[in-house]
Amino acid sequence: MLLINKINFILFFILFFLQETQHYNLLILGLLIILALININLSKIKIPQIFNISLLFYFFYLIRGFFYAYQNPTIDIKFHVFMFVLFLIFFNSKNFNYLKLFFTLNVFVLLIYLLLFFKFIPNFWHEEYFGGFKGRLYGPSITAFIYIAFIYLYEKRKSDKNLVFSFLIALVYILLTTNFMNLIIIIILFGLILVDLKKIFNYKIIFTFLISIFAFILLIQSPFIPELSKKKLKYLSNPLEYPSLKMRVSDLKQAITKEKYTTLELFFGKGFGANTAIYRENNKAKSLSRTLVFQEIDNGFYYLFHRGGFSLLFLFLATSVFFILKIPTFNAKVAFFSILLITNLLSIHIYNYIFYIFIIYFIMSHPKSKRITF
């Protein structure tokens with residue numbers, strides 16, 4: 001069992017760093033197959049009922065998409081397949097220390113971003129070292145701390161030096177990537193761990209909060225933090241003025257306006273594999289205006305609606321309520337709701353970053369999860 005856990009650790013570790021890449025899908029599939037062979041005994045396989053129900057609904061929208069003959073349907077279908085397999089692997093891996101895995105991943109994510117920043121290693125995640133505006137750095141997934149914080153909240157763990165250290169590490173690499181969305185999420189989750197209204201004036205909480213604020217101020221003054229991160233931080237007090245958010249709202253309006261849905265498509269969407277074309281006008285340089293074709297615009301709710309109409313959107317909302325009811329603590333409920341809301345408003349990452357399925361697995365498998373009866 002100890003050897004299997006070590007192999008699992010290595011394979012999960014590699015898999016986490018591959019999920020953000022664009023060119024290693026066969027390698028990801030190969031790792032998932034190896035993990036499945038190691039962890040799943042077909043005679044003793046554990047398959048939760050919700051998994052079978054999900055597959056039935058999924059195949060309906062998948063088959064529907066095939067009728068539209070999309071040119072490249074696998075662009076999002078592959079992520080769904082990876083998630084289904086990974087979910088089963090999580091459910092059948094025994095006595096594995098996921099918290100240790102995410103603590104380790106968190107440290108290595110920072111190390112890789114620092115190596116990318118100083119150009120010590122080639123960038124396997126993007127064609128450029130600085131792929132974006134004003135030094136924005138692209139690299140591996142930056143979600144490791146989200147899983148750490150969720151485990152702490154779910155199990156009502158108290159803040160400790162490992163958590164604080166992990167939070168500060170996450171702040172550094174998120175600021176390097178200038179990712180406003182994940183910055184908000186980790187601040188909310190970390191705050192939910194610290195805040196206990198009965199003990200809010202505890203000197204340890206106050207000290208931890210002040211140290212974190214002080215460290216954050218030092219970080220944003222650092223010359224290593226991209227200018228874009230510093231510029232984005234001013235929008236924390238007024239997120240509605242955030243240019244990226246305005247662009248997402250504009251994209252959403254344009255997508256809804258341009259698409260001509262029939263009554264059937266309003267209810268059942270256009271199936272998995274659909275994409276959206278958006279015209280982006282550049283007022284400063286007209287020659288840079290162009291039409292962009294997205295797997296989906298950065299809005300997870302529209303992603304669901306486009307592929308499955310109001311029926312799939314309703315299923316998502318209903319299952320989200322189900323999971324919230326299963327979560328035993330109020331702060332963990334708020335954390336789960338925050339992750340779903342913010343991630344779906346500002347991206348589709350929750351559908352193509354395959355490790356997000358860990359949160360669903362954790363809720364479904366944890367012994368403290370509430371039993372729901374209707």
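Structure summary
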{"item": "Any chance residue 262 is modelled with pLDDT under 90, within 29 Å of residue 297 (Cβ to Cβ), in the same structural domain as residue 346 (by TED's automatic domain parsing) and out of contact with any Lys or Arg (no Cβ under 8 Å at 6 or more places or on another chain)", "result": "no"}
{"item": "Filtered residue count, region 326-349, keeping only those that are under 20 Å from residue 76 (Cα atoms) and part of a helix (DSSP H, G or I)", "result": "6"}
{"item": "Answer from 331, 275 - the residue that is in the same structural domain as residue 372 (by TED's automatic domain parsing), surrounded by 15 or more Cβ atoms within 10 Å (Cβ to Cβ) and touching a strand residue (DSSP E or B) at 6+ places or on another chain (Cβ under 7 Å)", "result": "275"}
{"item": "Flag if residue 302 is within 16 Å of the chain's Cα centre (by Cα), aromatic (Phe, Trp, Tyr) and surrounded by 14 or more Cβ atoms within 10 Å (Cβ to Cβ)", "result": "no"}
{"item": "Where a residue in region 248-259 is hydroxyl-bearing (Ser, Thr, Tyr) and its partner, wherever it lies, is surrounded by fewer than 14 Cβ atoms within 10 Å (Cβ to Cβ), with Cβ under 9 Å and at least six apart", "result": "250/280"}
{"item": "So residue 62, is it closer than 12 Å to residue 271 by Cβ, at pLDDT 90 or above and not in a loop (DSSP other than H, G, I, E, B)", "result": "yes"}
{"item": "Check on residue 211, in a helix (DSSP H, G or I), touching a helix residue (DSSP H, G or I) at 6+ places or on another chain (Cβ under 9 Å) and modelled with pLDDT of 90 or more", "result": "no"}
{"item": "Sole exception among (1) under 27 Å from residue 18 (Cα atoms); (2) touching a strand residue (DSSP E or B) at 6+ places or on another chain (Cβ under 8 Å) for residue 357, by number", "result": "(2)"}
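The values are calculated or read from the model by the stated rules, or taken from the named source; none is laboratory data. If you're wondering where the values come from, they're calculated on a predicted model, not measured in any experiment. Virtual Cβ from ideal backbone geometry, glycine too; neighbours counted across all protein chains shown.
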